[in-house]
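Asks: The structure that follows is given in the form of structure tokens.
The values are calculated or read from the model by the stated rules, or taken from the named source; none is laboratory data. Note that the structure is predicted; figures quoted are calculated from it, not measured. Cβ placement follows ideal geometry from the backbone for every residue including glycine, while neighbour counts extend to all protein chains displayed. The area values use the complete protein model at the heavy-atom level, side chains included, leaving out ligands, DNA and RNA. Shrake-Rupley method; radii C 1.70, N 1.55, O 1.52, S 1.80 Å.
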Amino acid sequence: LEEGRVLLLLDALNEMPITQQASYEDLVGQWREFAETWTKKAKNANRMIFSCRSLDYSVLLSSESLPVPHLTVQSMDRDQVRAFINTYAPGYLELIEPHFKDPHLLKFYGSPYFLNLLCEVVKTDQSVPSGRAGLFTRFVRSMLKREMEKGNKLLSSGNLLHKYDCTLLNDNGQWKSPFALPGIGPRIKQLSQLAFKMQSEEPGRAANEIQISYEEALGQIEYEKPEDILDAGISLNILDLKNGDEITFFHQLLQEYFAARRLAAAPKLELAHQEWRREQVNPRYEEVLKSKNSWEPAPPLPQSGWEETVVTAAPMADDPAGFIRNLIPHHLPLAARCADSAELVKVAEPQREALRRELRDQLLRRMRDPEADLRARLAAGEALGEIGHPEFERQSGKFGDFLLPPFEPVPAGTYPFGEKNQQVRLNGFQMGRYPVTNAEFAFFIDAGGYRAPQWWDTDAARKWLRESNPQAPNYWNNTRFSNPAQPVVAVTWYEARAYCTWLTASIG
């Protein structure tokens, strides 16, 4: 460190265990001071990379004297996902790959952690869960069945599992819903209660891996032999015993899943409340900007730490549509994210579309509300992109489906052109109200626009197409720029012209 020759790779900043004596902000503050000291004090500056699950966790690392640039680790692309499956679940690619026609599912399983879980569960029940709640449910079922088959006494009939629970685990496929787990015995209910209490007991701990003493964990369980619940959780790789006397969930996502089961059964959606009006948000956007470089993306609003738990809980609720509507006043973009989940199997499509329309209208108002913090307006726009902007109409044309954007007429007339304001006579035409979005451009790609020479109507364009052989614009898969509502970026003149030619022909 003194010589400035260290490269530190510091993983999982958001998973630092929080104790009663410390807060997450205190711990991050210590790392900030450490980084300020050892990237400046040494003769040749040391370098540090902090990694964590979500951008908002790293905001606190920045300071005026040491701005910390943010980078986003991209999801795996389709080819990488295929290679992963062929490595870890050989023979199952043909079963899994058709599900990835849904871009939401491909994005979800673009995470190595979730894809690894999928490779494990698909070997057991030969089916592909459509999201996080279903995936973790299948994982827990497979762990329970494994321990039963091994003869774990804690899970035998009459102990932590009722005999009917054991029958369900053995039958494979007789569950009443994709999220059902053994519910008669105390096992699952108590783990869900433990996760929920651990996540909600201390302010500021919800977003982090939480570690409590073994004795404290026993006190959170309402069962005559609480140690049996903890021992069973450890044997199932759901709980982890650290240093001989501290309990945590084996992975933070498992903690959130079990807390979500409790939240779905007894919703407390105020836990996810987020302020969005300029006068109520702390810190103010202007204050946050002081520690940012001009080229960095705007950070999100302060998070509650319950976001992932709420998204996981929504499809498991008895009334998912009611759950989501009750979430709207607390966190509108999060409600939209829940409504866009492929796991809302309990909500019939007409009711789901009515819910989406309601959310679209509110998101559009939020996005244009001058009283809203800029970060809230950005979040509303991104959420609108995911569930569909109401002003874009999907239509079918001679050359495939397309999104018809709202147009504004430009009347015929004489207009000034160029530096010398030369007067040019133009016929009337229509111009899109918004820059062309990723959602619109995606239809051009899906219609085979890069494989159809008629849209590339100059020799230079066709030459560029042959030599470059593009499949999409640069940065098309970069999550920083790929939200459907964002303007498509990194398009060449040739691509922009080809798109407009195709859309004109499609509209007719």
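Asks: May I ask you to verify whether L71 is within 30 Å of G29 (Cβ to Cβ), assigned to a loop (DSSP other than H, G, I, E, B) and either aromatic (F, W, Y) or open to solvent by less than 50 Å² (accessible area, probe 1.4 Å) (or both)?
Replies: Numbers: within 30 Å of G29 (Cβ to Cβ): yes; assigned to a loop (DSSP other than H, G, I, E, B): yes; either aromatic (F, W, Y) or open to solvent by less than 50 Å² (accessible area, probe 1.4 Å) (or both): no.
Considered against the rule, which asks whether it is within 30 Å of G29 (Cβ to Cβ), assigned to a loop (DSSP other than H, G, I, E, B) and either aromatic (F, W, Y) or open to solvent by less than 50 Å² (accessible area, probe 1.4 Å) (or both), L71 comes out as no.
Asks: Another question about this same structure. Working only within the range 105-135, note down all residues that are of a type in the set (A, V, I, L, M, F, W, C) and over 18 Å from C338 (Cα atoms). It would help to see each step written out before you state the result.
Replies: Initial filter on the range 105-135 (of a type in the set (A, V, I, L, M, F, W, C)): 105-106, 108, 114-115, 117-119, 121-122, 128, 133, 135.
Within the range 105-135, F114, L115, L117, L118, C119, V121, V122, V128 qualify.
Asks: Right, another one. Tally the residues that are at pLDDT 70 or above, among the small types (G, A, S) and more than 24 Å from P129 (Cβ to Cβ), restricting the search to the range 142-194.
Replies: The number of residues fulfilling the criteria is 1.
Asks: Here are some residues: Q351, Q362. Which one is modelled with pLDDT under 95 and either more than 28 Å from Q193 (Cβ to Cβ) or within 19 Å of the chain's Cα centre (by Cα) (or both)? Steps first, please.
Replies: Details: Q362 fails: modelled with pLDDT under 95.
From the options Q351, Q362, the qualifying one is Q351.
Asks: Just a yes or no: is a residue in the range 325-340 of a type in the set (G, A, S), within 30 Å of R261 (Cβ to Cβ) and assigned to a loop (DSSP other than H, G, I, E, B)?
Replies: Checked against the condition, which is being of a type in the set (G, A, S), within 30 Å of R261 (Cβ to Cβ) and assigned to a loop (DSSP other than H, G, I, E, B), the range 325-340 yields no hits at all.
Asks: Suppose the filter is over 30 Å from L230 (Cα atoms) and modelled with pLDDT under 90; does N326 pass it? Show your work before the answer.
Replies: Numbers: over 30 Å from L230 (Cα atoms): yes; modelled with pLDDT under 90: no.
No; evaluated as a whole, the condition is false for this residue.
Asks: Taking the range 406-446 as the region of interest, how many residues are at pLDDT 95 or above, under 40 Å from the mean Cα position of the chain (by Cα) and small (G, A, S)?
Replies: Residues in the range 406-446 being at pLDDT 95 or above, under 40 Å from the mean Cα position of the chain (by Cα) and small (G, A, S): 2 in total.
Asks: Could we say that H104 is open to solvent by 40 Å² or more (accessible area, probe 1.4 Å) and at pLDDT below 85 here? Walk me through how you get there before you give the answer.
Replies: On the way: open to solvent by 40 Å² or more (accessible area, probe 1.4 Å): yes; at pLDDT below 85: yes.
So H104 passes the test.
Asks: Another question, if that's okay. State whether one or more residues within the range 222-235 are within 23 Å of A379 (Cα to Cα) and among the charged types (D, E, K, R). Lay out the reasoning, then the answer.
Replies: So the first thing to find is which residues in the range 222-235 are within 23 Å of A379 (Cα to Cα), and the list is none.
No: zero hits.
Asks: Moving on. Given the criteria in contact (Cβ under 8 Å) with a residue 12 or more places away in the chain, among the hydrophobic types (A, V, I, L, M, F, W, C), touching a Leu at 6+ places or on another chain (Cβ under 8 Å) and under 22 Å from P103 (Cα atoms), does A339 qualify? Outline the logic, then answer.
Replies: Values: in contact (Cβ under 8 Å) with a residue 12 or more places away in the chain: yes; among the hydrophobic types (A, V, I, L, M, F, W, C): yes; touching a Leu at 6+ places or on another chain (Cβ under 8 Å): yes; under 22 Å from P103 (Cα atoms): yes.
When the stated conditions are applied, A339 passes them.
Asks: Moving to a separate point now. How many residues does the range 115-145 contain that are in a loop (DSSP other than H, G, I, E, B) and either within 21 Å of the chain's Cα centre (by Cα) or buried (at least 21 other Cβ atoms within 10 Å of the Cβ) (or both)? Show your work before the answer.
Replies: Looking only at the range 115-145, we keep the residues that are in a loop (DSSP other than H, G, I, E, B), and these are 126-131.
Now narrow it down to the ones that are either within 21 Å of the chain's Cα centre (by Cα) or buried (at least 21 other Cβ atoms within 10 Å of the Cβ) (or both): 128-131.
So the answer is 4.
Asks: Okay, next question. Give the residues of the range 246-262 that are more than 16 Å from E15 (Cα to Cα) and open to solvent by 30 Å² or more (accessible area, probe 1.4 Å), sorted by residue number.
Replies: Within the range 246-262, R261, R262 qualify.
Asks: Please find, within the range 484-500, the residue that is least open to solvent (accessible area, probe 1.4 Å) out of those that are within 15 Å of P405 (Cα to Cα) and not in a strand (DSSP E or B). Break it down into steps so the answer makes sense when it comes.
Replies: The initial filter retains those residues of the range 484-500 that are within 15 Å of P405 (Cα to Cα), namely 484-488, 499-500.
With the extra rule that they be not in a strand (DSSP E or B), the set shrinks to 484-486, 488, 499-500.
On the way: P484: 36, A485: 40, Q486: 49, V488: 24, Y499: 7, C500: 73 Å².
Result: Y499.
Asks: May I ask you to list the residues in the range 372-405 that are under 27 Å from the mean Cα position of the chain (by Cα) and among the charged types (D, E, K, R)?
Replies: Residues satisfying the conditions are D373, R375, R377, E382, E386, E391, E393, R394.
Asks: Something else about it: With the requirement that a residue be within 14 Å of L117 (Cα to Cα) and open to solvent by less than 60 Å² (accessible area, probe 1.4 Å), what does the range 82-98 give you?
Replies: Hits for the range 82-98 are F84, I85, A89, Y92, I96.
Asks: Related question: What pairs come out if I take residues in the range 434-448 that are more than 12 Å from Q471 (Cα to Cα) and among the acidic types (D, E) and pair them with residues that are buried (at least 19 other Cβ atoms within 10 Å of the Cβ) and modelled with pLDDT of 95 or more whose C-beta lies under 7 Å away, six or more apart or interchain?
Replies: Close Cβ pairs satisfying both conditions: E440/L403.
Asks: Exactly one condition in (1) at pLDDT below 85; (2) open to solvent by less than 60 Å² (accessible area, probe 1.4 Å) is not met by N243; state its number.
Replies: (2)
Asks: Limited to the range 279-315, what total is found for residues that are open to solvent by 60 Å² or more (accessible area, probe 1.4 Å) and outside any loop (DSSP other than H, G, I, E, B)?
Replies: Number satisfying all stated conditions: 3.
Asks: For the range 174-193, which positions are part of a loop (DSSP other than H, G, I, E, B), touching a residue at least 24 places away in the same chain (Cβ under 8 Å) and either within 18 Å of L253 (Cβ to Cβ) or charged (D, E, K, R) (or both)?
Replies: Selection gives P178, F179, L181.
Asks: Now, a different point. Hey, which of the strands (runs of 3 or more DSSP E) in the range 356-463, taking only ones fully inside, have at least 2 residues that are open to solvent by less than 80 Å² (accessible area, probe 1.4 Å) and touching a Leu at 6+ places or on another chain (Cβ under 7 Å)?
Replies: On the way: elements: 393-397, 400-404, 407-410, 413-417, 422-426, 429-432.
Answer list for the range 356-463: 413-417.
Asks: Taking the condition among the polar types (S, T, N, Q) and surrounded by 19 or more Cβ atoms within 10 Å (Cβ to Cβ), does Q190 pass?
Replies: Working: among the polar types (S, T, N, Q): yes; surrounded by 19 or more Cβ atoms within 10 Å (Cβ to Cβ): yes.
Yes, satisfied.
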